[in-house]
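**Student:** Dumping the structure here so I can ask a few things about it.
Computed from the coordinates by the stated procedures, all read-outs in this text should not be read as laboratory data. Every value quoted in this text rests on a predicted model; they were computed, and no experiment measured them. Methodologically, a virtual Cβ is constructed for each residue, glycine included, from the backbone with ideal geometry; neighbour enumeration extends over all protein chains shown.
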Amino acid sequence: MSESSVRPRSLLACGLPLPPPPLPAPGALEQARLLVAPSLDAGLVRELERITGRRAEPLTDVPPPSDAPLFCVGDALPDALRTDRLLWFHSVNAGTDPLLAAGPWPASALLTRTVGRMGERIAQYVLGWMLAEAQSVPEFAEQHARAHWERLPSELVAGQTALIYGTGRIGAAVGRLLAACGVRTVGVARTTRYGPEPGTDRTVPPGFDRVIGASEDTEALGEARWVISTLPLTAATEGFFGAARLAAVRGSTFVNVGRGATVDLGALETALREGRVRRAVLDVLPVEPAAPEDPVWRLPRTVITSHSSGITTDEDVLGDFTAAWESVAAGRRPELTVDVVRGY
């Protein structure tokens, strides 16, 4: 899933947030044509047809004839379908910033997304790199390449602190797995969704020992052994990890499994070269894939992986779409509804 480097457009009307779209009316949904991305596996498409009780048609940049309402399953929405005919779009990806950045979102269209077991996969990815570092795996691999024998010290992750940016589904999944290994987990919420204003008590969601606001993270950045980002890309998070925030780091390893454009790579390079950031593991980049000549490949003490920490599967898509379909049929807003104003 490639990222757009374009900031998602704000969906505000006359300076006021748009209200959430109404749920598709049962009658309209019964008449709607099902459009699916050509990239979807044939077996998945057959299951979607079975669940919805209709034949699927290709999701292309040419709208189907007639004025029938539409609902779509895919990863991109052509401009020609960004109309009031669209009742519902289910994204096969967890991140919907490319969808929202590509053009104005129809005010009446419901947007849902696929998460599936992504949180579990990302949590294991994060823990895997943390344990590899604690057990000197990179250094031992380098020694092996030189046929060099030397004992290296190991490090226990238990009792150390991980600062996790993002306290939603994915951040909480990371927190729960790390906590099970004895890691002290501090969540950073960009809003006060879990409590009142900064400095006052918050309700702490499962997976975290405590939660702080983004405006009060300076001290925590200086104390953390690992800084982990699961942030989505929105207008508020673009360049979030910039020079000021990275200046507060004191020897942490930085792991980004959120969105690449939330990090100022120039500021990260400076922090790496100055030793304030010990290492970096980047599963996401502002522009993907990075070309061989891209300077990002030459960042010191950095490993880049191919946006693969939380790939969604057909089972994830089918499970989350089924749950959303059942919710809509029952007149409930699906749990995985995207707030298109916030972008997540």
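**Student:** With a point put 7 Å past each Cα toward its Cβ, work out how far Ala107 is from Ala28 in nm, to one decimal.
**Tutor:** 1.3
**Student:** Out of Ser66, Ser136, Ser154, any idea which swings most in a Gaussian network model of the chain, alpha carbons joined below 10 Å?
**Tutor:** Result: Ser66 has the largest fluctuation of those listed.
**Student:** So which trypsin sites (Lys or Arg not before Pro) in the stretch 239-277 are both in a DSSP loop and have at most 16 other Cβ atoms within 10 Å of their Cβ?
**Tutor:** Taking the stretch 239-277 and a limit of 16 other Cβ atoms within 10 Å, the loop trypsin sites (Lys or Arg not before Pro) found are Arg250.
**Student:** Within 15 Å, Cβ to Cβ, of Gly319, how many net charges do the neighbouring residues add up to if Lys/Arg are +1 and Asp/Glu are -1?
**Tutor:** -4
**Student:** In the chain, what % of DSSP beta bridges are antiparallel (nearest 5)?
**Tutor:** Of all bridge pairs located within the chain, approximately 5 percent are antiparallel.
**Student:** Per residue, what volume in Å³ does the Cα convex hull of the stretch 27-102 take up?
**Tutor:** Per-residue hull volume (Cα only) is 93 Å³.
**Student:** Something else about it: At q = 0.14, 0.20, 0.30 Å⁻¹, what is the base-10 log of I(q)/I(0) for the stretch 207-266 according to the Debye formula with one equal point scatterer per Cα and no solvent? Please give it to two decimals.
**Tutor:** -0.37, -0.80, -1.52
**Student:** Which three numbers, in whole Å and largest first, are the semi-axes of the equivalent ellipsoid of the stretch 118-304 derived from its Cα gyration tensor as √(5λ)?
**Tutor:** That gives 27, 20, 15 Å for the three semi-axes.
**Student:** Quick one: which residues, 5+ away or cross-chain, put their amide H under 5 Å from the amide H of Leu86? H built at 1.01 Å from N.
**Tutor:** Leu70
**Student:** For the chain, with a Gaussian network of springs between Cα atoms less than 10 Å apart, report the residue from Asp314, Asp67, Asp97 with the top mean-square fluctuation.
**Tutor:** Most flexible of the set in this elastic network: Asp67.
**Student:** Can you tell me how much longer the chain between Arg298 and Ala145 gets when fully stretched, taken as 0.36 nm per residue apart minus their C-alpha distance, in nm with one decimal?
**Tutor:** Stretched fully, the Arg298-Ala145 segment lengthens by 53.1 nm.
**Student:** Apply the Karplus curve 6.51 cos²θ - 1.76 cosθ + 1.60, θ = phi - 60°, to the phi angles in the stretch 41-46 and return the couplings in whole Hz, x for Gly and Pro.
**Tutor:** Karplus values, whole Hz, x for Gly and Pro: 4, 4, x, 5, 4, 4.
**Student:** What list of ³J(HN,Hα) values in whole Hz, one per residue of the stretch 297-306 in order, does the Karplus curve 6.51 cos²θ - 1.76 cosθ + 1.60 (θ = phi - 60°) give from phi, with Gly and Pro shown as x?
**Tutor:** Each residue of the stretch 297-306 in turn: 5, 9, 4, x, 6, 10, 10, 10, 10, 8 Hz.
**Student:** How many angstrom separate the Cα center of the stretch 87-156 from the Cα center of the stretch 301-326?
**Tutor:** First find each Cα centre; the distance between them is then 10 Å.
**Student:** Right, another one. Work through the residues other than Leu23 whose Cβ is under 10 Å from its Cβ and net out their charges, Lys, Arg +1 and Asp, Glu -1.
**Tutor:** +2
**Student:** Amide H neighbours of Thr253 under 5 Å, counting only residues 5+ apart in sequence or on other chains, H built in-plane at 1.01 Å?
**Tutor:** Trp226, Val227, Arg278, Arg279
**Student:** Test of understanding: in a Gaussian network model of the chain with alpha carbons linked when under 10 Å, which of Arg117, Arg54, Arg176 would top the mean-square fluctuation ranking?
**Tutor:** Arg54
**Student:** Apply the Karplus curve 6.51 cos²θ - 1.76 cosθ + 1.60, θ = phi - 60°, to the phi angles in the stretch 313-320 and return the couplings in whole Hz, x for Gly and Pro.
**Tutor:** 10, 4, 4, 4, 4, 5, x, 6
**Student:** What residues qualify as long-range amide H neighbours of Val73, i.e. H under 5 Å apart, gap of 5 or more or another chain, H built at 1.01 Å from N?
**Tutor:** When sequence neighbours closer than 5 places are left aside, the close amide H contacts are Leu35, Val36, Ala37, His90.
**Student:** How about the stretch 113-198: which chymotrypsin sites (Phe, Trp or Tyr not before Pro) there lie in a loop by DSSP and see at most 10 other Cβ atoms within 10 Å?
**Tutor:** Trp149
**Student:** Just checking my list (1) 22; (2) 18; (3) 11 against percent of Cα pairs over 38 Å apart computed from this structure; which label fits?
**Tutor:** (1)
**Student:** Right, next: Express in whole angstrom the spacing between the alpha-carbon centres of the stretch 219-264 and the stretch 60-81.
**Tutor:** Between the Cα centres of the stretch 219-264 and the stretch 60-81 lies a distance of 37 Å.
**Student:** Give me Thr167, Thr230 ranked fewest to most by other Cβ atoms within 10 Å of their Cβ, as a rough exposure proxy.
**Tutor:** Arranged by neighbour count, lowest to highest, Thr167, Thr230 become Thr167, Thr230.
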